[in-house]
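Peer 1: Have a look at this one before I ask anything.
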Number of protein chains: 4
Amino acid sequence: MTNVAIIGHGYWGPNLLRNYLEVPGVSVKWVCDLRPEALDKVRRRYPAQATTLSYDEVLEDPAVDAAVIATPISTHFELAKAALEAGKHVFVEKPMTSSRAGAEELVRLAHRTGLTLMVGHTFVFSPPVRKLGDLIHGGELGDIHFITSSRVNLGLHQKDVSVVWDLATHDLSILYYWLGEAASTVYVTGRGCIVPNIPDVAFVNLRFPSGVIANIDIAWLSPVKLRRTVIVGSQRMALYDDTESVEKVKVFDHGVDYKDPQTFGEFHLSYRTGDIVAPKLDNVEPLFAEATHFVECVTTGRRPITDGIAGLRVVASLEAAEKSLRNHGGVQTIELSDVPGV
Amino acid sequence: MTNVAIIGHGYWGPNLLRNYLEVPGVSVKWVCDLRPEALDKVRRRYPAQATTLSYDEVLEDPAVDAAVIATPISTHFELAKAALEAGKHVFVEKPMTSSRAGAEELVRLAHRTGLTLMVGHTFVFSPPVRKLGDLIHGGELGDIHFITSSRVNLGLHQKDVSVVWDLATHDLSILYYWLGEAASTVYVTGRGCIVPNIPDVAFVNLRFPSGVIANIDIAWLSPVKLRRTVIVGSQRMALYDDTESVEKVKVFDHGVDYKDPQTFGEFHLSYRTGDIVAPKLDNVEPLFAEATHFVECVTTGRRPITDGIAGLRVVASLEAAEKSLRNHGGVQTIELSDVPGV
Amino acid sequence: MTNVAIIGHGYWGPNLLRNYLEVPGVSVKWVCDLRPEALDKVRRRYPAQATTLSYDEVLEDPAVDAAVIATPISTHFELAKAALEAGKHVFVEKPMTSSRAGAEELVRLAHRTGLTLMVGHTFVFSPPVRKLGDLIHGGELGDIHFITSSRVNLGLHQKDVSVVWDLATHDLSILYYWLGEAASTVYVTGRGCIVPNIPDVAFVNLRFPSGVIANIDIAWLSPVKLRRTVIVGSQRMALYDDTESVEKVKVFDHGVDYKDPQTFGEFHLSYRTGDIVAPKLDNVEPLFAEATHFVECVTTGRRPITDGIAGLRVVASLEAAEKSLRNHGGVQTIELSDVPGV
Amino acid sequence: MTNVAIIGHGYWGPNLLRNYLEVPGVSVKWVCDLRPEALDKVRRRYPAQATTLSYDEVLEDPAVDAAVIATPISTHFELAKAALEAGKHVFVEKPMTSSRAGAEELVRLAHRTGLTLMVGHTFVFSPPVRKLGDLIHGGELGDIHFITSSRVNLGLHQKDVSVVWDLATHDLSILYYWLGEAASTVYVTGRGCIVPNIPDVAFVNLRFPSGVIANIDIAWLSPVKLRRTVIVGSQRMALYDDTESVEKVKVFDHGVDYKDPQTFGEFHLSYRTGDIVAPKLDNVEPLFAEATHFVECVTTGRRPITDGIAGLRVVASLEAAEKSLRNHGGVQTIELSDVPGV
């Protein structure tokens, strides 16, 4: 039995609680929040659930194996650090921290202690993203040439962070999972159209070490909602549209064949269009898959798919993107310092 | 009666010929091409049409009022220059020239001679682009915040130019017409996926003097064909989808209202979603509207909507974009020298 | 204050309870069900809610003004009759009864007692159906020529009734509300593809006294889910697609103008296509609007939009449709006997 | 070499001429039309083409192997009959004749003379219809349960025939090809909304001997153009949307499994949803495939896919449908008399 404590019962915490309560082999030892009314809500829904206002009480409880942290981003670092130092495995919501320095420290700490550190990049556990990951990793698409993504809709402006920290987090975690690498440079064009100094639209341009390039449009301003990603590979192409209710993933057996010029002749291209397949997707709730994966990693010592390194890569990229976005910062390099495991 | 000569009867020339033959008040005095077999084709279709292999014969014919040039891009500059020097009005296909220096020289020449110089940015004469132009210029969308555009499909790779010169030309001419200004900076991320050294995908990021930003995705590699432009204004938003057969333009009465924070309170936003209208569009062939406009400008001395300055702005932007694209050139400034009329 | 009792807390009852608890001026005096475990569920969710296993207790309670019945269809008639006879207003779920004879008796009883009798044809209270009703009743579409509707998806086969009783109920109630009349004849082609003797696909053809014709496709077997209704009027046409998340209703300013033949010439038609508008729809939960309407009718004596006559017309049509469907029954006339108020 | 004569050079004849000129092994010996100006047009386009005003001249020319008839429908019977009697093979446009009696006579005549009689049901030769035919005939969809089809758009009203003769012709020929059987009964609900006595909307209900049922919506009045057919089989389901430019055919690996009730228990259904595939379609012009098929049948004596029997079945169905449509004619039986080969 793995004993977890849910830290934070605000907007997202209830979803984590509900799922961890259902994962086999898990017991939710504590729900912890600073606000008594949040804990009242927990007990109304789950009368038998132990709750506490004191994070120390959680960390001092030797029965607790892992902390599941869903508090405001600015507190992630301190809370996760304290938990690791107390010998607890840590699951922390995305983005892992509000600065790259903090993320690096957590990664080092987890490495030193040998504890599991996992970040809640939930999309990586959603059936369409997993299906595409399997196809890409299995070589079905061939070498990836480029990826474009649009994640736009009308609302909801955040009060304290740019649209980059709010929305690009998702695309970065997804792309890094698919490609198995982080971007090396980022350039962002953006604008705060509605609220001064809070960019609500941004075009994020990425280059990867392998040569892949990517373009991500994100906005809180749009006539229509888009959740649309295109992956162009040398063997096949794919379309992932998360607003579709059924055909969320389509794989196109399309491509171009290049023939080198003979002697002094011109090169020759032939275009190929074949079947288009919308594969059946698993019917699993991403949050449940994520929780199950965390518990499995805690139990077996396996490295999480969205481990601390993955979380760090996203945070470092967000920090570089924000630097490019603000004051026309130009192209920013995303370099990770000497962090173990990178 | 306006006498025109069609110069070049290759891929595009036949379309121009067909349309100029139908414009009232126009006579096609000559069709000129270097290749006898091209002229044979003209006479088979139009037995009475005068043709010539000699461009000089055209320029020396005092009856010819205007040259309509549809030859390979690399020849645009020389042919247009010679025509202007011979006192002929000039219509030249897009892009106007293959270099900014040439474009500037043509603009200066047209200004000095007082002759009409017009560029064949045909999309500007298409009903959906015109309708959106009317809405924007009439203030219906309010201040424009940003524009995103996707112009991608599978094929057709060009042998000699990047996808930027091939496809971005269209979006640049459309955006500049709508916004009444040219971009001040451009940043391009691109890649030659299939043919070494010929970029076939590019993400073009633009900043405009007014603060508008734009993102243009162009590619010869894509699982699906997209011709999709989103315009977000302070009053309304619009979607232009040229792959739709009927609802090519949709106007969304959507927006966000911002209320300044009172005393120390937080700012407040309210989102508004209203009617969505697909306005009826004119039923006119863009090429015919373009040809009619050229003839009218020649006759009346009116400045063409897509005049030499418009053509120069596009060429200068393409040149800067190409510089950014090649060798990771970073952000490029688009500055026009001291050209009359800019 | 209007005191209601919710009768039946199975699949649908909880939705009614939740909504009636929120309607201003309403008190839910009782929740009644034969199954103790259903009432346990009520009290767990709403600890203060009075419940009872005895329908008699409800009817004998002089404080109860109205019974809201959401029990299996086969019990509607007996329960509604008893309530009316006990002097209670009645809201009963759709379809009103399982036979036309029963429906007629309820209508007569309501007429005689002067009590309100309303049927839960919820779609009639949904924003898209109401918007189209307003447009049709306001003459915006002109005279209605014909209506086609598709209501198909994969699942859920009912165990005891045909697809006609399950799905056509919705379309009949919507069409009768829009047109202000019931069909005069019905012809049905159908088939039980999966379960012997339970038709799971049916094509319902209707003729109306005004000349309107309609075709309704319903099925529990379909590759894609459709909820799509087309209304063709003499002035405008409309499309209602309930699977769309945003543009559920579109109004097309399209039509045909007919000119009578002059002397012996041929007639002449001109086709007109104009703007297409997706009007903004109210943002109200249909069930809440329905509950509010019932309470208002009870309080003011106003006749409900979906009154007993409306319920009777649907039941009579379903009975005739079923007769046509079974054993190739041919065209069936839908005649209502001499029922007061029809 | 097969020598054909094209009879009729009006609306459709030019398409046939263009295609027959390109079929290998075919010579177009004559183009025949009663109107000299129609033949002038032929010779302008094809200066070397022999033409004639006299049908007799064609029939008396011993070099002519086959007549390809594209004249007004009312003349099909006489012209085809004369050609067969003159010993010529016959290709005749759809519908084969304007009455079932005439169609039967042509079939008998072709049978007696041993000549090829083929009808121009072109859709049967289009890649999506052929692909679906291959899937159905190969058992991929299992037993067909039912088919629904919508063929509606705004315009073009015919002056002399109902929408049934104009549009249902296509669906009938397609369905009969797919199913390998003709309908046994038909019921039609329709209406002349614009022109008195010319029905412009009709709902056609069909029953087939195998138990298949079908519903066909056809109209010259519709807010949007639909060319959409759904086929539900016991193994798979398919969607054919001819307005799509790419994914015209989609095959859904969806279905329902029925388990018989054990002892006194209830039956049990399980719904299955699997991959959705849009198969690559051949890139062939239907008219060219049709012409090639006719020539091949003439040469080899093979029976055409759309032979006289196929043409007769469609005409007999149209005649029965029209009888049902006019004056509320009720359900009509489609019985073919004792025609050889049926």
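Peer 1: As a check on your grasp of the helix formula, calculate [θ] at 222 nm for the protein assembly as shown: sum -39500 (n - 2.57) over DSSP H runs of n ≥ 4, divide by the residue count, round to the nearest 500.
Peer 2: One gets -9500 deg cm²/dmol as the mean residue ellipticity at 222 nm.
Peer 1: Within 10 Å of each Cβ in C:206-215, how many Cβ atoms from other chains are there, averaged over the peptide?
Peer 2: 3
Peer 1: Kirkwood hydrodynamic radius of segment A:154-237 from all distinct Cα pairs, in Å?
Peer 2: Details: mean 1/r = 0.0724 Å⁻¹.
For segment A:154-237, inverting the mean 1/r across all distinct Cα pairs yields 13.8 Å.
Peer 1: What is the Cα centroid distance between segment B:13-29 and segment D:1-26, reported in whole angstrom?
Peer 2: 32
Peer 1: Here is a follow-up. I'd like the orientation of helix B:100-113 relative to chain B: the angle between its Cα long axis and the longest Cα principal axis, in ° from 0 to 90, rounded to 10.
Peer 2: 60
Peer 1: Now, a different point. Please report the spacing between the Cα centers of segment C:189-226 and segment B:47-92 in Å, no decimals.
Peer 2: Distance between centres, Cα-based: 67 Å.
Peer 1: Could you do me a favour and compute the accessible area per residue for the protein assembly as shown, 1.4 Å probe, result in Å²?
Peer 2: 40
Peer 1: Efficiency by 1/(1 + (r/R0)^6): what FRET value for B:ARG45 and D:THR300, r their Cβ-Cβ distance, R0 = 35 Å, to the nearest 0.05?
Peer 2: Efficiency at R0 = 35 Å is approximately 0.35.
Peer 1: Would chain D count as rounded, prolate or oblate if I go by the C-alpha gyration tensor, calling it rounded below 1.5 in a/c and otherwise prolate when a/b exceeds b/c, oblate otherwise?
Peer 2: Details: a/c = 1.87, a/b = 1.68, b/c = 1.12.
Prolate, because a/c is 1.5 or more and a/b exceeds b/c.
Peer 1: Can you give me the long-range amide H partners of A:GLY274? Hydrogens built in the peptide plane at 1.01 Å from N, cutoff under 5 Å, separation of 5 or more residues or another chain.
Peer 2: Answer set, sorted by chain and number: A:ASP253, A:HIS254.
Peer 1: A further question on this structure: Taking only Cα atoms, what is the 0 to 90° angle, nearest 10, from helix C:36-45's long axis to the longest principal axis of chain C?
Peer 2: Taking the Cα atoms of chain C, the angle to C:36-45 is about 80 degrees.
Peer 1: Take the residue pairs C:LYS248/D:LYS225; C:LYS250/D:LYS94; B:LYS81/B:LYS131; A:LYS41/A:LYS131; C:LYS248/D:LYS259; B:LYS88/B:LYS131 and return only those whose Cα atoms are more than 26 Å apart.
Peer 2: Result: C:LYS250/D:LYS94; B:LYS81/B:LYS131; A:LYS41/A:LYS131; C:LYS248/D:LYS259; B:LYS88/B:LYS131 exceed 26 Å.
Peer 1: Now for a different question. B:ASP260 to B:GLN158: FRET efficiency via 1/(1 + (r/R0)^6), r the Cβ-Cβ distance, R0 45 Å, to the nearest 0.05?
Peer 2: Here the calculated transfer efficiency is 0.30.
Peer 1: If you restrict to DSSP beta bridges whose two residues both lie in chain B, what percentage is antiparallel, to the nearest 5? Don't jump to the answer; show the numbers that get you there.
Peer 2: Values: 41 of 68 bridges.
If I count the DSSP bridges inside chain B, around 60 percent turn out antiparallel.
Peer 1: Another one. Just grab the label-to-label distance for C:TRP12 and C:SER54, each label 7 Å out from Cα along the Cβ direction, in nm (one decimal).
Peer 2: Computed distance between label sites C:TRP12 and C:SER54 equals 2.8 nm.
Peer 1: In addition: Shape call for segment D:1-85 from the C-alpha gyration tensor, a ≥ b ≥ c root eigenvalues: rounded (a/c under 1.5), prolate (a/b greater than b/c) or oblate?
Peer 2: It is rounded, given that a/c, with a ≥ b ≥ c, falls under 1.5.
Peer 1: Enter the buried accessible area of the B/A pair, total of both sides, probe 1.4 Å, in Å² rounded to the nearest 100.
Peer 2: 4700
Peer 1: Under a cut-off of 19 Å between alpha-carbon atoms, report the aspartates and glutamates in cross-link reach of A:LYS280, not counting same-chain residues fewer than 8 places apart.
Peer 2: A:ASP134, A:GLU140, A:ASP241, A:ASP242, A:GLU244, A:GLU247, A:ASP253, D:GLU140, D:GLU247, D:ASP253, D:ASP257, D:ASP275
Peer 1: Can you tally the net charge around D:PRO279? Count Lys and Arg as +1, Asp and Glu as -1, for every other residue whose Cβ sits under 14 Å from the Cβ of D:PRO279. Intermediate values should be presented prior to the final figure.
Peer 2: Working: positive: A:LYS250, D:ARG130, D:LYS131, D:ARG236, D:LYS248, D:LYS250, D:LYS280; negative: A:ASP253, A:ASP275, D:ASP134, D:GLU140, D:ASP241, D:GLU244, D:GLU247, D:ASP253, D:ASP275, D:ASP282.
Surrounding charge for D:PRO279 is -3.
Peer 1: In sequence order, what are the phi-derived ³J(HN,Hα) couplings for segment D:54-67 according to the Karplus relation 6.51 cos²θ - 1.76 cosθ + 1.60 with θ = phi - 60°, rounded to whole Hz, with x for glycine and proline?
Peer 2: 10, 5, 4, 4, 5, 5, 7, 6, x, 6, 6, 8, 8, 9
Peer 1: Ratio of Rg to Rh for segment B:226-300, alpha carbon only, Kirkwood?
Peer 2: With Rg and the Kirkwood Rh in hand, the quotient comes to 1.24.
Peer 1: Compute the signed sum of charges (Lys and Arg +1, Asp and Glu -1) over the other residues within less than 12 Å, Cβ to Cβ, of A:ILE144.
Peer 2: Neighbourhood net charge equals -1.
Peer 1: Right, something else. Could you check which residue among C:LEU175, C:LEU53, C:LEU106 shows the biggest mean-square fluctuation in a GNM of chain C with a 10 Å Cα cutoff?
Peer 2: For chain C, modelled as a Gaussian network with Cα springs under 10 Å, the answer is C:LEU53.
Peer 1: For the protein assembly as shown, give the percent of accessible area contributed by carbon and sulfur heavy atoms, probe 1.4 Å, rounded to a whole number.
Peer 2: Taking all protein chains in place, the protein assembly as shown shows 50 percent carbon and sulfur surface.
Peer 1: Sticking with this structure for a sec: Show me the ranking of peptides C:229-235, D:109-115 by mean Cβ neighbours inside 10 Å, starting with the highest.
Peer 2: C:229-235, D:109-115
Peer 1: Using the Cβ atoms and a cut-off under 9 Å, what net charge is assigned to the surroundings of B:THR116, where Lys and Arg are +1 and Asp and Glu are -1?
Peer 2: +1
Peer 1: A further question on this structure: Going by the alpha-carbon gyration tensor, a ≥ b ≥ c the square roots of its eigenvalues, is the protein assembly as shown rounded (a/c under 1.5) or, if a/c is not under 1.5, prolate (a/b greater than b/c) versus oblate?
Peer 2: The shape class here is oblate.
Peer 1: Give me the aspartates and glutamates in straight-line cross-link reach of B:LYS29: C-alpha distance below 12 Å, same-chain residues under 8 apart excluded.
Peer 2: Within reach: B:GLU57, B:ASP61, B:ASP65.
Peer 1: So, in nm, how far is label C:SER99 from label D:SER99 when the simple model puts each one 7 Å beyond its Cα toward the Cβ?
Peer 2: About 5.1 nm, to one decimal.
Peer 1: Follow-up question, since we're still on this one. Ignore the peptide's own chain and count Cβ atoms of other chains within 10 Å of each Cβ in D:272-285; give me the average, rounded.
Peer 2: 4
Peer 1: Enter the mean number of other protein chain beta carbons within 10 Å of the beta carbon of each residue in C:135-148, as an integer.
Peer 2: 2
Peer 1: In degrees between 0 and 90, to the nearest 10, how far off the longest principal axis of chain C does helix C:286-300 point, with axes built from Cα atoms?
Peer 2: In chain C, helix C:286-300 runs at an angle near 70 degrees to the longest axis.
Peer 1: Amide H to amide H under 5 Å from A:VAL92: which residues, 5+ apart in sequence or cross-chain, H placed 1.01 Å off N in plane?
Peer 2: Hits under the 5 Å cutoff: A:ILE69, A:MET118, A:VAL119, A:GLY120.
Peer 1: Express as a percent, rounded to the nearest 5, the fraction of DSSP beta bridges in the protein assembly as shown (both residues included) that run antiparallel.
Peer 2: The antiparallel fraction comes to roughly 60 percent.
The values are calculated or read from the model by the stated rules, or taken from the named source; none is laboratory data. The model shown is predicted, which means the values in this text are computed figures rather than measured ones. All Cβ positions, even for glycine, are placed from backbone atoms using ideal geometry, and neighbour counts span all protein chains on display. These accessible areas exclude ligands, DNA and RNA; they are computed on the full protein's heavy atoms, side chains included. Shrake-Rupley method; radii C 1.70, N 1.55, O 1.52, S 1.80 Å.
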